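What follows is calculated from the coordinates using simple rules that are stated; it is not laboratory data. Predicted model, so just to flag it, every value in this text is computed and none were measured. FYI the Cβ positions are ideal-geometry reconstructions off the backbone, even for glycines, and counts take in every protein chain you see.
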Amino acid sequence: MVARSMRAEHGPLRRVGTTCVWSLVAFNLGVLAWMLLTALREHTAIFRSPWGLDTAGQFGNFLKAWNDSDFGRAALNTVLVVVGASVTVVAVSAPAAYALARTRTRASGALSTLFAVGVGVPVQVIVVPLFVMMQDAGLVNSLTGLFVLYVALSAPFTVFLLTGFFGSLPEEVEEAAAIDGAGVVGTFVRIALPLARGGLLTALLLNLVGLWNETLLALVLVQDGEKQTLPLALLGFLQTQQYSGADYGVLFAGVAILVLPVLALYLWLGRRIIEGMTVGAVK
Amino acid sequence: MAEVAYVNASRVFPGTPPVRAVDNLELSVADGEFLVLVGPSGSGKSTALRMLAGLEDVDEGAITIGGKDVTNTPPKGRDIAMVFQSYALYPHMTVAENMGFALKLRGVPKAQIREKVAEAARMLDLTKYLDRKPKALSGGQRQRVAMGRAIVREPSVFLMDEPLSNLDAKLRVETRANIAALQQRLGTTTIYVTHDQVEAMTMGHRVAVLKDGVLQQCASPRELYDRPANAFVASFIGSPAMNLKTVPLTAEGARLDGLVVPLSRAALDGAAAEGLSEVTFGVRPESLRLASADEDGMEMTVELVEELGADAYVYGSVRIGEHPERFIVRVDGRTPPAFGQQVKVTLRDADEVHLFHPETGLRLSA
């Protein structure tokens, strides 16, 4: 084991891998930096020299983007729907995942497989039947409808992720709780949930990021301007820019408004996500 | 306080063929008794304990605690406390919360919980650590927290599943004595599982030996040592293990190389009744001694000497019939024979031999 890891650390494959990873990181950081810098520049200057740094410092772009395209309203909608849906989906999925991880019947095995299959279904394929269903339910063009869809479509992945997580918790601790007098619900709430905190947080964050960027369903389902989410606001902004003469500085500012909160979330809790995803995998 | 009984209890794991992890276990434990379940790995001892805890189903038979049938009662209704091999402490709770968890679930007032936890902590020398999380404790301290969690409950039965196997040798000996003393003091019925026969012999009022899910013998340590019911128990209990060899029978007794061990009339009659010409002959290392030159004895070539200070164990080969057989002899640690030396070995006392049926392994001598 030691010998293997030593070899891996100095082997040529390792060096190639490291180079690839750092190139990718550098590229991404470059794109991010370019986006941020461009968002602070004037339109004409951007076209004169796309990589230049002149005329930087135009914070007015951000104000313009925010005001012109109703980003404030869209941001509020997004926060409400995305945070609500993420919290709800984790709250619903956690008990389901715990039950699937801890019961060993034929039914639980089949159900686990069903959730795993659900992860593999692309939204694009089912968007039309979903729209029809939502129309029948009278939930088209409403944030409630979007919330319901987000919860339903995120559940398979969340259940799948959390089932693995609960399965990796030591069973003896739960047995100790059973002997101490806790019932199934008590064991789940007092023992399993606190121990799975890392996994729950990971599930929450992945859902937040995924739903924050979700465009297709929102585009299909929401028509009213005042009900649109941030990705829709950005799309709308792009369209108005096309008619009224594009200002790329303002456009990049709009993109930055969408991207920065997610980036901040990653900077704050990214470490937790990695820990959450690898727990139980090694050791 | 309560007595415990397994009534023909079995645990059968599905498979082809089904595995009878615990097979028709018939065992009763008196109120306040310290019973040790011992056996090699896979003998079903842990499964038997988990059946009593309610963590494992009872497929056949029944289990009673305090005269009440608990076969289908969930763990929380059995009034038991268990110490796990891994301790199974709640990692997100402090030591005090770990110990008080059961009482909190039972709705005991906070002040009372604090008092009981403090008392148990004093008993186990844990007072300093009450606010720590388990990960900030050493192995020995974690073990004591697990004990404390069991004590605070004041259950009618303690169940312990190899609670010392994660401790180092020195701490294990120390904790062994502490647990035995604590049990004596509390007087709570205790079932203790171990694979270590030294733990079994030193701690238990009675010891139950299991093999392949079947109870081999349940008796006091002394009885188990002096009168093992079969060849398995004879070889399992005692360290180093008893010398067990198949030897031919003569009219006078069992014939070993250069030595005929006289056997009691009852033993000879017993063997004759079974029509045996051979028996499994058992003698413990300490029942053998080195003979002087003019005594009868088995010729043994010394192959290995293990010096333990007070004693030394001499491993050597003796011819029985055609084959060389290995024997272990305990000798005085001050004068052990040298490697390769030829020595004569004889019995310390002709009564200290055990005879078993060569096929069934059952004890023959009365």
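Some notes on this structure:
- Peptide-level mean, for B:85-92, of C-beta atoms on other protein chains within 10 Å: 5
- GNM remark for chain B: springs join alpha carbons under 10 Å apart, and the peak mean-square fluctuation among B:L210, B:L308, B:L55 falls on B:L308.
- Our note on the geometry: Cα centres of region B:315-348 and region A:216-234, 91 Å apart.
- Distance between region B:255-312 and region B:86-147 - C-alpha centres, whole angstrom: 53 Å
- Distance in nm between pseudo-label sites at B:D349 and A:R15 (7 Å out along the Cβ direction from Cα): 7.7 nm
- Beta bridge orientation in chain B: antiparallel %, DSSP, nearest 5: 75 percent
- Here each label is just a point 7 Å from Cα along the line to Cβ, and for B:A169 and A:R104 those points are 3.7 nm apart.
- Under a Gaussian network description of chain A, with springs only between Cα atoms under 10 Å, the residue in A:F166, A:F71, A:F47 that fluctuates furthest is A:F47.
- Highest GNM mean-square fluctuation among B:M300, B:M160, B:M99, for chain B modelled with Cα contacts below 10 Å: B:M300.
- Angle of helix A:123-136 to the longest C-alpha principal axis of chain A, folded into 0 to 90 degrees and rounded to 10: 90°.
- Extents of region B:219-301, largest first, come to 39, 32, 18 Å (Cα atoms, principal axes, whole angstrom).
- Crossing angle, helix A:84-102 versus chain A [Cα axis fit, 0-90 degrees, rounded to tens]: 20 degrees
- Partner shielding of A:177-189 amounts to 6, given as the average count of beta-carbon atoms from other chains within 10 Å of each residue beta-carbon.
- Entry note, chain A: relative contact order of 30 percent, from Cα contacts under 8 Å with a spacing of 6+ residues.
- Only aspartates and glutamates eight or more places from B:K135 in sequence, or on another chain, were considered; those with a Cα closer than 19 Å are A:E171, A:E172, A:E174, A:E275, B:E97, B:D125, B:D168.
- Rounded, prolate or oblate (a/c below 1.5 giving rounded, otherwise prolate when a/b exceeds b/c) for region B:314-363 by Cα gyration tensor: oblate
- Rounded to the nearest 500, the 222 nm mean residue ellipticity of the protein assembly as shown from helices alone is -15000 deg cm²/dmol, with -39,500 (n - 2.57) taken per DSSP H run of at least 4 residues.
- Counting, for every residue in B:101-110, the Cβ atoms of other protein chains within 10 Å of its Cβ and taking the mean gives 3.
- What the pair-distance distribution of region B:1-123 shows, using all Cα-Cα distances binned every 10 Å from zero, is 11, 35, 31, 18, 4, 0 percent.
- Degrees separating the helix B:95-105 axis from the principal Cα axis of chain B, which is the longest one: 70 degrees
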